[in-house]
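First up is the structure itself, then whatever we jot down about it.
Values in this text are rule-based calculations from the coordinates and carry no lab data. What you are looking at is a predicted structure, and each value in this text was computed from that prediction instead of being measured. Here the Cβ positions follow ideal geometry from the backbone for every residue, glycine too, while neighbour counts run over all protein chains shown.
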Amino acid sequence: PLGEFLSVIISGMATGSAYALLALAVVIIFRSTDTVNFAIGDTGAFGLYVGLYGLVIGLPLWLACVLGVLVAAGIGVVTERCIIRPLGHGPKVVFVALVVTIGLGLVLQAAMGALWGHEPRSFPPLVEGWINIGGIPISMNKIAATVTALIAMGLVAWFFGYSPFGIAMRASAEDPIAARMLGFKTGKIAAIAWFL
């Protein structure tokens, strides 16, 4: 019973790490553009399906992953440039942008269903193998996901707290007009945030 409990805890930490990475994407966009992106999960899923398609057509795993990440990042930039930026900035726009990103998520879900169907698919593990900790088998893939999430969270905290560009992103979200007056390129900052 104790071994099963620890196994569930470790598995939960790995799953939670994946959710933490999605939440991190929401934080990056919100801290830099004052917009909540409810399509972030669907954008990531679309990139994942592109990566799976890359595997189907024979790309190596690493290249399929890069392709998926670049497609998801590209969707983010296009969303910011073509949908969010034309809305403008202000307290009323925050709600409109929220509704728009929910709609974008529905469009992406429909596109994924039309292109790849609605059956669940699994992505091959990026890190193969298992290790035993106290007699409990733990997937190396889950450990890698947890470590990646912790490193990413630390880097983002440092980035927004101490790096000049991270501080510029926060300033741009807080008051884009004042940020522009100080010489910040708020459009470029927003595009980079949505790309990340």
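Points worth noting:
- Partners for Lys92 among lysines (Cα-Cα distance below 28 Å; same-chain residues under 8 apart left out): Lys185, Lys188
- When peptides 63-70, 187-194 are ranked by their average number of other Cβ atoms within 10 Å per residue, the highest-first order is 187-194, 63-70.
- Peptides ranked, highest mean first, by Cβ atoms within 10 Å: ranges 28-36, 12-20, 175-183, 138-146: 28-36, 138-146, 12-20, 175-183
- Relative contact order (%) - criterion: Cα under 8 Å, at least six apart; region: segment 57-196: 27
- The chain: DSSP helices with Cα axial extent of at least 18 Å and average Kyte-Doolittle hydropathy no lower than -1.0: 2-33, 40-56, 61-79, 91-116, 140-162
- Extent of segment 2-93 along its three principal axes (Cα atoms, max minus min coordinate, largest first): 53, 38, 15 Å.
- Taking 1.567 mPa s as the viscosity and 4 °C as the temperature, the Stokes-Einstein diffusion coefficient of segment 70-196 based on its alpha-carbon Kirkwood radius rounds to 72 µm²/s.
- Only Lys, Arg, Asp and Glu carry charge here, each on its Cβ (+1 for the first two, -1 for the last two); on that basis the chain has a dipole of about 540 debye about its Cα centre.
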